[in-house]
Amino acid sequence: MEGGLEFVDSTNRGLMIGRYQPFHLGHLSLAEQILSECEELVVALGSPEASFTFNDPFTAGERITMVHESLKKRGLQMSSCYVIPVPNSDNNYTWFESIRSMIPKVKTVYSGNQFVQLLLPETVNVKSPSFVKYKIFNGTRIRNLIVRNGNWQDLVPIPVALFIKEIDGVSRLKKLKKTQGEQQRVLATSGLKR
């Protein structure tokens, strides 16, 4: 490079990968863990093309908003955080390489998901989340609590609860739950993926 200066990206970044349907307190805890151990956080938002099904009720834009507002409200340094949508890959073998091409260079992938860990190359440094209460903090459980009028608000950051109410997400989820079988038939006959 002219001028004698070269940019070498040696930033210690940690990566978390998820669908965030919705972003919950377990995710937020992992984000805080990563920022306590790394200089920067990369949040890879999986399945950005999926929305308006019971398993994936929120759009990529809505989920990015949930993540961003939750990190900001928690007081995390937003200049150290990236939220990046990463499309699904039909090829599990090349899945991580596809993600790697869409995000800044990371040193560590944080995941407690054994399938995700299986898909990562052996050369990737993997750490498990220190806070894991999967039976309490998981998207399926939270979506089911929402449709049953259960206490889901205590499982998500305040900005997420407010945002879901603002977009009438409770009503959306209830409608999507009622039409779940019909959604699957339409997707199967149209050749579209779920």
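The values are calculated or read from the model by the stated rules, or taken from the named source; none is laboratory data. Just so we're clear, the structure is a prediction, and the values are computed from it rather than from any experiment. A quick note on method: Cβ atoms are made from the backbone with ideal geometry, for glycine too, and the neighbour counts reach across all protein chains shown. For accessibility, only protein heavy atoms count, side chains too; no ligands or nucleic acids. Shrake-Rupley method; radii C 1.70, N 1.55, O 1.52, S 1.80 Å.
Restricting attention to the stretch 101-112, and to residues there that are of a type in the set (S, T, N, Q) and surrounded by 13 or more Cβ atoms within 10 Å (Cβ to Cβ), which single residue is nearest to His27 (Cα to Cα)? Give the derivation first.
Step one: list which residues in the stretch 101-112 are of a type in the set (S, T, N, Q), which gives 101, 108, 111.
Okay, now just the ones that are also surrounded by 13 or more Cβ atoms within 10 Å (Cβ to Cβ), so 108, 111.
Working: Thr108: 16, Ser111: 11 Å.
Out of the qualifying residues, it is Ser111.
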Practice task
Would you be able to say whether some residue in the stretch 180-192 is closer than 27 Å to Asp90 by Cα, free of Cβ contacts under 8 Å to residues at least 60 places away in the same chain and assigned to a loop (DSSP other than H, G, I, E, B)?
Solution key: yes
Exercise for the section: Of the numbered conditions (1) more than 22 Å from Ile142 (Cβ to Cβ); (2) surrounded by 15 or more Cβ atoms within 10 Å (Cβ to Cβ), Ser98 fails exactly one; give the number of that condition. Expected result: (2)
Practice task
Read through the list (1) exposed (fewer than 13 other Cβ atoms within 10 Å of the Cβ); (2) at pLDDT below 95; (3) under 17 Å from Arg19 (Cβ atoms), then give the number of the only condition that Val186 fails.
Solution key: (3)
Exercise for the section: Search the stretch 79-90 for residues being out of contact with any Ser or Thr (no Cβ under 9 Å at 6 or more places or on another chain) and open to solvent by 60 Å² or more (accessible area, probe 1.4 Å), and hand back the single one that is modelled with the lowest pLDDT. Expected result: Asp90
Practice task
Could you pull out the residue among Leu35, Leu76, Leu41, Leu45 that is closer than 24 Å to Lys133 by Cα, of a type in the set (A, V, I, L, M, F, W, C) and either open to solvent by 70 Å² or more (accessible area, probe 1.4 Å) or in a helix (DSSP H, G or I) (or both)?
Solution key: Leu35
Practice task
Run Tyr20 past the list (1) of a type in the set (Ser, Thr, Tyr); (2) surrounded by 20 or more Cβ atoms within 10 Å (Cβ to Cβ); (3) on the phi < 0 side of the Ramachandran plot and report the number of the one that doesn't hold.
Solution key: (3)
Practice task
Could you please let me know if Phe52 is aromatic (Phe, Trp, Tyr) and either outside any loop (DSSP other than H, G, I, E, B) or surrounded by fewer than 18 Cβ atoms within 10 Å (Cβ to Cβ) (or both)?
Solution key: yes
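Does Ile64 satisfy the condition of being open to solvent by less than 10 Å² (accessible area, probe 1.4 Å) and either in contact (Cβ under 8 Å) with a residue 24 or more places away in the chain or assigned to a helix (DSSP H, G or I) (or both)? Spell out how you get there, then give the answer.
Details: open to solvent by less than 10 Å² (accessible area, probe 1.4 Å): no; either in contact (Cβ under 8 Å) with a residue 24 or more places away in the chain or assigned to a helix (DSSP H, G or I) (or both): yes.
Criteria not met by Ile64.
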Fill in the blank from the handout: Taking first residues from the stretch 82-98 that are touching a residue at least 40 places away in the same chain (Cβ under 8 Å) and of a type in the set (S, T, N, Q) and second residues anywhere that are in a strand (DSSP E or B) and open to solvent by less than 60 Å² (accessible area, probe 1.4 Å), the pairs with Cβ under 9 Å that are 6 or more apart or on different chains are Asn88/Gly46
Exercise for the section: Those residues that are over 17 Å from the mean Cα position of the chain (by Cα) and within 25 Å of Ser36 (Cα to Cα), I need them from the stretch 102-119; list them, please. Expected result: Lys105, Lys107
